[in-house]
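Worksheet for the structure shown next.
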């Protein structure tokens, strides 16, 4: 194929491919639900007999209907896309400018996945630090003889141990995302993060009763 | 008529009095707080009313709790935010050509040229006047239409028809929202499917939990919606800013504000406001069609009917009136399907429904508007439809929010120009932290937080694949209702496999749904 002929070829079917992958993925999910997930994870079947002997819907009734509809829609999407792809191939031979790709669809590339991975790592590490800071502070104050707690659970109702983890973790989380957006972190940004975390501590720990900041509800 | 007035009186009174009869001004105060927050949020680029409502709901529930007494303060604040945001968005649009909310984009077309010509004050006051008038008009329509529709629905529709109505609503929403209706509908079904996790209707233990006891109570509703709506949007914006190496340009200086809007000018705007508000109300009453459509339609209509269409886009107040009256009228009208049918039509309505489902035992739907005679029975107290009293209480808070929009809103709008200086790339990470904290606090721990994160990833994928989020969220919210209706209809039919096709009304609705589906497939072929 010459360069000129390559240039006249329609754009790659990236969008169209996503429609195909989505519909095939949904069909696979439906198959998995009907053959493995539902039989093992739903206590009653599609229909059941109640105490009076009447046939009533079981817990699988509505999920099966939903999955059936999903399979139908996925099939429609698949057929529509396949038909479109075929027509497009035929048309591209005759009219190379034909570039339609079926129902509009975006795409998720490796750069998007890399960003999501970065966001997951950033969020998870901030939450881990949120969980560990309180116990670490208790251990430190115990070690230098300022306190004598048996552990973080015993100190989790006492200021500043109860909010230390949240304050540090929330500040890191905010700073991490500001750095992600700006590619740099100014002292003013850190100050904003500290003030935001402080305001949340004041609101949820100072002004509102009966709520617990992370990680105190999961001890 | 007397009964209606009695219920209205009880509804108004219930906003200002506790159950014991003492004076209680908290709902009034929270409505005011909501309006102020809404106006501030609306004027901040990158923020919107539903965004603020999503973050405010868990905070409000943490403050006021889950009891019936908490319903008015929570709803008052949310309604205030919803209404305030429609007003505030016009300020940066006019003064800095930066719409505070997506709805205000069309306001820039004429508002900003007016400001550049030294008529900034007049443009802002025009937007405020048109916006609040439009909102008031649509609220009036809501107060009239919701009870009428609800009574009609309650009389005419049975279980199969109500099931078919929800199916039709979802199909309609998928068809009109976004560019990929088939995938939008698939998203709606996925939302429905996910909401089934951890639930049971036959007493056989929670389903679809992978034997994880934490999921036995179902997925936390607010955290899930917070994740898919707010966190996913934050992720998308953060990624886009990172990729663009976005640096906020220093905002330009506020232009010369110029003269005030005269009362004569206000009076001469009324016919155009009425036209824009009527379009906004009609569009808003249909689920899924947003403010942008209403504003565009109103702007086009105003331009076509104008004697000087060439002025549009070059700074005519008629353009500001057309867009602001229409996009604000959507907010009240959007509550017509919510209050009469329990079906949310946009994101703001989603949070109103979420609040009602989270707090107290009130529920939206046609049953609310049953005009049960009020009877005093000795030993049992007063017999009446308390839901109807609550509905009129909600209407009262909407009227209060409108009054605050007229008064406080007018004052605040003149002072909002500086909010455009808040950098989005710092604000969004702060919002992310607040949202995750709110999810943890309201839903009792890491289950809420992890749910929010997982739904944020689902929302991220849907947005990147250009699949509309709205059907997913509506499906997630409506699944329990639809399942109850479908099961009831099946049982009542005696196990008839064609239980949804036995009534002409449900048959018509399902035929319309199929028609929409066929249209979606055809649309995908020609796109």
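Does residue B:281 meet the test of being buried (at least 20 other Cβ atoms within 10 Å of the Cβ) and at pLDDT 85 or above? Considered against the rule, which asks whether it is buried (at least 20 other Cβ atoms within 10 Å of the Cβ) and at pLDDT 85 or above, residue B:281 comes out as yes. Using the structure shown, decide if residue B:492 is over 29 Å from residue A:106 (Cα atoms), surrounded by fewer than 23 Cβ atoms within 10 Å (Cβ to Cβ) and within 12 Å of chain A (Cβ to nearest Cβ). Yes. Identify all residues within region B:178-193 that are surrounded by fewer than 24 Cβ atoms within 10 Å (Cβ to Cβ) and either out of contact with any helix residue (DSSP H, G or I) (no Cβ under 7 Å at 6 or more places or on another chain) or more than 10 Å from chain A (Cβ to nearest Cβ) (or both); write none if there are none. Answer for region B:178-193, where residues must be surrounded by fewer than 24 Cβ atoms within 10 Å (Cβ to Cβ) and either out of contact with any helix residue (DSSP H, G or I) (no Cβ under 7 Å at 6 or more places or on another chain) or more than 10 Å from chain A (Cβ to nearest Cβ) (or both): just B:179. The requirement of being in contact with a helix residue (DSSP H, G or I) (Cβ under 6 Å, 6 or more places away or on another chain) and assigned to a helix (DSSP H, G or I) is fulfilled somewhere in region B:195-210, by at least one residue. So which of B:34, B:46, B:88 ends up being in contact with a helix residue (DSSP H, G or I) (Cβ under 7 Å, 6 or more places away or on another chain), closer than 30 Å to residue B:321 by Cβ and within 14 Å of another protein chain (Cβ to nearest Cβ)? When all the criteria are applied, what remains is B:46.
For residue A:75, state whether it is at pLDDT 90 or above, more than 9 Å from every other protein chain (Cβ to nearest Cβ), part of a helix (DSSP H, G or I) and closer than 21 Å to residue B:522 by Cα. In short, yes. Annotation note: of A:199, A:136, the sole residue that is more than 10 Å from chain B (Cβ to nearest Cβ), in a helix (DSSP H, G or I) and free of Cβ contacts under 8 Å to residues at least 60 places away in the same chain is A:136. Does at least one position in region B:196-211 carry a residue that is modelled with pLDDT under 90, farther than 27 Å from residue A:50 by Cβ and facing chain A (nearest Cβ under 10 Å)? Yes, region B:196-211 has at least one match. Taking region A:167-196 as the range and being facing another protein chain (nearest Cβ under 9 Å) and part of a loop (DSSP other than H, G, I, E, B) as the test, only A:183 passes. Would you pick out the residues in region B:29-69 that are crowded, with 23+ Cβ neighbours inside 10 Å and over 22 Å from residue B:432 (Cα atoms)? If the condition is that a residue be crowded, with 23+ Cβ neighbours inside 10 Å and over 22 Å from residue B:432 (Cα atoms), then B:30, B:31, B:35 are the ones that fit. Summed over region B:40-64, residues that are in a loop (DSSP other than H, G, I, E, B) and either over 15 Å from the mean Cα position of the chain (by Cα) or within 17 Å of residue B:440 (Cα to Cα) (or both) total 4.
Residues in region B:162-177 that are more than 10 Å from chain A (Cβ to nearest Cβ) and farther than 18 Å from residue A:57 by Cβ: B:165, B:168, B:169, B:170, B:171, B:172, B:173, B:175, B:176, B:177.
If you take the residues in region A:85-115 that are within 8 Å of chain B (Cβ to nearest Cβ) and modelled with pLDDT under 75, which one is farthest from residue A:16 (Cα to Cα)? Per the criteria, the residue is A:100. The listed residues are B:441, B:521, and the only one of them that is farther than 24 Å from residue A:25 by Cβ, in contact with a helix residue (DSSP H, G or I) (Cβ under 8 Å, 6 or more places away or on another chain), at the interface with chain A (Cβ under 10 Å from one of its Cβ atoms) and assigned to a helix (DSSP H, G or I) turns out to be B:441.
Considering the conditions (1) surrounded by fewer than 16 Cβ atoms within 10 Å (Cβ to Cβ); (2) in a helix (DSSP H, G or I), residue A:146 is excluded by exactly one of them, (2). Of all residues in region A:54-72 being over 16 Å from residue A:33 (Cα atoms) and touching a helix residue (DSSP H, G or I) at 6+ places or on another chain (Cβ under 7 Å), which is modelled with the highest pLDDT? By that ranking, first place goes to A:57.
The residues on offer are B:395, B:364, and the sole one that is outside any helix (DSSP H, G or I) and at pLDDT 85 or above is B:364. I'd like to check something: does region B:84-105 contain any residue that is within 21 Å of residue B:393 (Cα to Cα) and either modelled with pLDDT of 85 or more or in a helix (DSSP H, G or I) (or both)? Yes, because at least one residue in region B:84-105 is within 21 Å of residue B:393 (Cα to Cα) and either modelled with pLDDT of 85 or more or in a helix (DSSP H, G or I) (or both).
The values are calculated or read from the model by the stated rules, or taken from the named source; none is laboratory data. Please read all numbers here as calculations on a predicted model, not as lab measurements. Cβ coordinates were reconstructed from backbone atoms using ideal geometry, including for glycine residues, and neighbour counts include every protein chain displayed.
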